[in-house]
1. Once the Cα atoms of helix A:343-355 and of chain A are each reduced to a long axis, what angle between those two axes, in degrees from 0 to 90 to the nearest 10, is obtained?
2. Quick check: Cα centre of region A:108-153 to Cα centre of region B:310-357, how many Å?
3. For the residues A:Glu259, A:Glu548, what sequence is obtained by ranking on other C-beta atoms within 10 Å, fewest first?
4. What is the calculated FRET efficiency for A:Thr507 to A:Ile326, with r their C-beta to C-beta distance and R₀ = 30 Å, to the nearest 0.05?
5. When all alpha-carbon pairs of region A:254-362 are counted, what percent fall beyond 19 Å?
6. Note the angle between two axes, namely the Cα long axis of helix A:41-54 and the longest principal axis of the Cα atoms of chain A, as a number of degrees from 0 to 90, rounded to the nearest 10.
7. Can you list the equivalent-ellipsoid semi-axes of region A:7-126, largest first and in whole Å, using the square root of 5 times each Cα gyration tensor eigenvalue?
8. What is the distance in Å between the Cα centres of region A:1-58 and region A:466-480?
Amino acid sequence: MSRLETPADLEKLREEIIAGRNAKEKWVAVCAGTGCRAYGAETLADAFEEEIEKRGLSDRIGVRRTGCHGFCERGPLVVIQPSDACFLGAQPKNVPAIIDKAVTGEGATDKLLYLDEDSGKRLGNLDEIPFYKYQKRVLLANNVRIDAANILDYIAVGGYSALAKALSGMTPEAVLEEVKKANLRGRGGGGFPAGIKWETTRKAQGEPKYVIVNADEGDPGAYMDRSLLEGNPHSVLEGLILGAYAIGASEGFIYVRQEYPLARTHAAKALEQAREYGLLGKNLLGSGFSFDVKIHRGAGAFVSGESSALMSAIEGRVGEPRPKYIRTSEKGLWGKPSCLNNVETWAYVPQIIDKGADWFRSMGTEKSKGTKIFSLVGKVKNTGLVEVPMGIPLRDIIFKIGGGIPNGKKFKAVQTGGPSGGVIPESLLDLPVAFDELSQVGSMMGSGGMIVMDENTCMVDTARYYINFLAHESCGKCVPCREGLRQMLAILERITKGWGEEQDLDTLDELAEFMEAASLCALGQSAPFPVASTLKYFRDEYLEHIREKRCSAGVCTALIAYQIDQERCKACGACLRACPVGAVNKSEDKVFTIVQAKCIKCGACYTACPDKCRAVIKVPAYTIQNQPAAAATLPAGKQ
Amino acid sequence: MDASKRRAGERAETQPLDVLIIDDEENFLEACSQTLQTGGYRVATAKNGTEGLKLAGESHPNVVLLDLKMPGMSGLDLLGQLTKTDPSAVPVVVTGHGTVDSAVESMKLGAFDFLTKPFEPEKLLETVRRGLSLSALKKEAQAAGAAEEQRHDKYDLLLQGLDVLGEAYSLGLEKRQLLDELAYLESEARYHAESLGQIKKKERAILDIRNELREADAIMKKYDFQKNALIQVLLDIQEKFRWLPRHILSWISGRLNIPLREIYVIANFYEAFSLEPRGRHTIQVCTGTACHVRGASETLTRVSAVLGIEAGQTDSRQQFTLETVHCIGCCALAPVVQIDSQYYRDPSRSKLEKVIKSLEKEEAQACLA
């Protein structure tokens, strides 16, 4: 295919593609996101291709391997277009039935349709399923329609039209003004207005200028950037090119996490194809504007997601943050003005330019405009990626879209903002989800991880988990972060082992205040939030661990013991087989017991015990005989 | 014999000229000869290729420093002729900025090393010192070979071994081990030892090292020998060798002109790098938040029990490495285990055993093939 020399060429190509596509009546969109691949989406797509070939329907039905559809819990997902009939958990054996249904409208596919538990009805259409019904999918909408490895798919859904519009009729200033007017705030965490950042870089002294995509999605529990880059890499790239045009940059970088090989492959493929079509490189669409992009692989360091650290990493150095007296937007990569935004932020730019700032401003709250993608995960029925307008209450996301808590358990808290965020208790569930609202209650928007926790999640353990993560990931450059985290971790571990004292809680508060004030970068400044927010809303749980040496969630292994309830035990021996250390004892008359001295409390027996028996139970450790009193095992002077 | 004593002796008696420098820039000639003279070497200079070739024919220098870009005879032509007229001379190529490709080309033509202008005096002295020691070895081996014509087969082999060693040596491997190898081969040549097999074995070992370094070169070439591509180079090395071997790191250090210390700082900082060999298969248990709240620690215990190793360890046969990772971005499947590139949603013990067994079977078949 030849280079596109003018915006008119692009439009012509688009028409050709659409005309070619319309020849087929239907498309089978098989989700080939990471989640669905794990469920065998690729063999499923192969099976569709084979079946269609076999029936001689190749001219009428096409198969497309698309990006993540979002409803990862129920994969592999199949959507028939244009009717948007949605099939969940399809296997190769279901393929003939799905094709029957697509062609004739009849087919034994009921079991693959979403079952609405309230009404008992099967819902066949994407828009009817509650998981999708309450969402507003702007960025994710195209994931279902395109094959990420094919630029033509992106062009067919209107891709690069914003770029053509900008290059042919808008000055760089006009593009910048549009983004500023839209008040697009950074989706990576802090929510800094992208337009203002762009303007700083545009006005800053120094050439060349750089634009950078931050795809170092390090927050555990968040994967929307991965899905966007894997599912629709061209939207990110188009946004980046528009940004470069507005800012006056000639070179760009995409910094991708090493853990996301598929995202890297798709991004590389997108660059290659864009270059081939003249949408990247010299003289884009005949406008005289030249721009090119390189991919930089991260090498696994959470702190490298911080802007100055990320730029050090691109320079080939250790990815450590520096003090930002001068912002990276003025002096960044190689000391030059560099504008860094998150994947989701860049992906929004083409739509804003295409549809206008007013369209964007029509969604969301006064200060937080547009939609935001969240990864709704943890103890919730419908896990997956959800995109909602800013300002929607948390409760709607968790209960309407997410379907509530599985196994009839009780909701306890939801954690947002990753390791820099905090937990939000049930009393605040009606809080609108927006940048400032979340910050006010001690959490933050973050990159969009939303981890739901139920009654079986221990909040002290959660705080310990985050502090452990951060202590591991702190680069160690500044003392407040390095030592503060180490002390916090020591205290939290002590509490989870039952060695805590009440004054520890005051020390935690003090440390939190100090770290927030004195750390060098956002990692350290926000590191105490998980502790501070759990202390604020779940102080009772801390006190229960300290005073009663009890973990009612049954998570802190030092405070619990496993026992076999003899009345319920049916002597099936599942626990004996599951135990990795041989701690389950079987007497001659088939009485199973757990030898506490051998038990490592891994919980394998607990999981193995059949649901109908539930004979393996968790009891507070102090109720077990021969268990030394918790306090007595504390070595003198142990930190 | 002690190598340094031997070289000193030779220099005083039989070889009057240590280094010949050929370059059209006078300032450069002067600066280099001063540095080398201060270092105790006998130096001569020539301003162009023709003059240099003549001088080389007369004085048989041990090391020849030559510029690639000169008016008249080009550096590459000069190099070709020089290696013919005086095979015992060790040529070192000097290049200007940004001509790494021609330097690589010249290495193929028999150059021992290359220096990129501008360079530190220490670097020059170091290169010359290594060149001289190789030249001494070459000459000795040739002399010994000539004296024992009836056993020339063996000498051929020894000489080949020496060449290979010399090449590895020229790569800058200042490892005690390699020096020992050289000393060993020398004594073989001198005392006509019969252990041909051993020499062959060592030759193979050194050839392996050489091939590894060539692979490292190919990787660096991909990034145009750019310093700031270090992390990308190391990622590729890690992927290729499954760890960062020391000799490759010191090789990269020399090629990209980055202190070895800095390379180690980076190798230690980033999680992706390993300074010990990893297993051929990686099993990652995700301990991201979503996985943690859904019981990743139980999963980890289960995987660990099946593999018989703890997190962070590699089994003794280097088949499997077990790691924990903070979020692999597959949160909806929590708790998730990644085995090589395949994701598994909370695999049961029997599922894990099945996967591990099939990988072991693959391994065994690969071994047989």
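What follows draws every value from the coordinates through simple rules; no lab data is involved. Here the structure is a predicted model, which means the values were calculated and not measured. Heads up, the Cβs are rebuilt from the backbone with ideal geometry, glycines too, and the neighbour counts pull from every protein chain shown.
1. 40 degrees
2. 30 Å
3. A:Glu548, A:Glu259
4. Values: r = 35 Å, r/R0 = 1.18.
The calculated FRET efficiency here is 0.25.
5. Details: 3408 of 5886 pairs.
Value for region A:254-362: 58 percent of Cα pairs lie more than 19 Å apart.
6. For helix A:41-54, the angle is close to 50 degrees.
7. For region A:7-126, the ellipsoid semi-axes come out as 26, 17, 15 Å.
8. The two parts, judged by their Cα centres, are 46 Å apart.
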